[in-house]
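The values are calculated or read from the model by the stated rules, or taken from the named source; none is laboratory data. None of the values given here were measured: they were computed from a predicted structure. Note: ideal-geometry Cβ built from the backbone for every residue, glycine included; neighbour counts use all protein chains shown. For accessibility, only protein heavy atoms count, side chains too; no ligands or nucleic acids. Shrake-Rupley method; radii C 1.70, N 1.55, O 1.52, S 1.80 Å.
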Amino acid sequence: FFHNRPTTEIYTEQIVGSVRCVQETGIKNAKPYEYEVFVNPRITQVGSETDKQYEFCSSFPNIKAYVKRFTEIKVQYFDNDFKEKQKDLTGFPARVFQHEMDHLRGKHLLSWVTSEGDFDLVPFMENNFPNLAEAIKKNKEKVRELKIQKPELFNLAKGLRDLNPLDEELNPNYYQREEVAEYDQPWYPHENEMLLSIQEAIERDLFAFSATVRSEAIKSFKNKGDI
């Protein structure tokens with residue numbers, strides 16, 4: 001259950017059965033043995049301060065989200081020799097660790113509990129992804145309205161239970177509860193509408209892009225006399 005692909009200052013995660021694994025390295029083109037491995041990670045303590053910064057994710061390569069995270073956390077885990085360990089993380093490592101813990105519960109940057117609809121297109125991508133740019137613009141207008149009409153949807157508090165969703169002690173029967181409870185959340189309809197619009201926009205942009213590439217390839221072959 002380990003990734004062998006090199007990474008640069010990025011945590012990656014895999015789930016196999018009930019085993020959760022997070023790997024981290026700050027070394028470019030690192031060898032597999034140079035990874036630091038976190039098996040069955042838990043966040044056992046958080047500091048009193050939070051910080052909001054933009055985050056990026058390979059799941060949505062053209063989108064950045066403004067996310068609030070704890071600046072200091074203490075984590076408990078097993079290493080790749082299955083020895084139990086603890087570690088204090090601060091700053092960027094703490095942020096990225098919390099980012100990957102979100103993935104372990106099936107959440108991502110666009111999930112309401114993560115960014116509360118506060119995301120944007122990365123700079124200079126409007127021409128390449130016009131439908132996505134328009135969808136994000138409409139979403140930002142909707143979020144501005146919701147902040148006035150329904151302020152309770154924002155500034156969601158996060159505790160250890162939220163940060164450790166797969167911890168059976170903190171969240172018994174998580175999988176059975178989550179499937180039902182999520183639909184009952186007041187923010188769910190807004191998240192669902194938002195994600196559908198983003199997905200449809202990405203599909204339209206990718207279809208247009210592939211059609212353009214195909215057209216240019218045909219022109220190139222014709223100019224060379226290959227077809």
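Things worth noting here:
- Scan of region 94-133 for residues that are small (Gly, Ala, Ser) and either assigned to a helix (DSSP H, G or I) or open to solvent by 40 Å² or more (accessible area, probe 1.4 Å) (or both), ordered by number: Ala94, Gly106, Ser115, Ala133
- Residues of region 102-150 classified as without any contact (Cβ under 8 Å) to a residue 12 or more places away in the chain and acidic (Asp, Glu), total: 3
- Long-range neighbours under 8 Å by Cβ, at least six apart or interchain, first residue part of a loop (DSSP other than H, G, I, E, B) within region 41-59, second open to solvent by less than 50 Å² (accessible area, probe 1.4 Å): Gly47/Phe70; Gly47/Thr71; Gly47/Ile73; Glu49/Phe70; Glu49/Thr71; Ser59/His108; Ser59/Leu109
- Number of residues in region 151-203 that are of a type in the set (Val, Ile, Thr) and at pLDDT 90 or above equals 2.
- Evaluated against (1) under 16 Å from Ala157 (Cα atoms); (2) open to solvent by 20 Å² or more (accessible area, probe 1.4 Å), Phe60 falls short on exactly one condition, (1).
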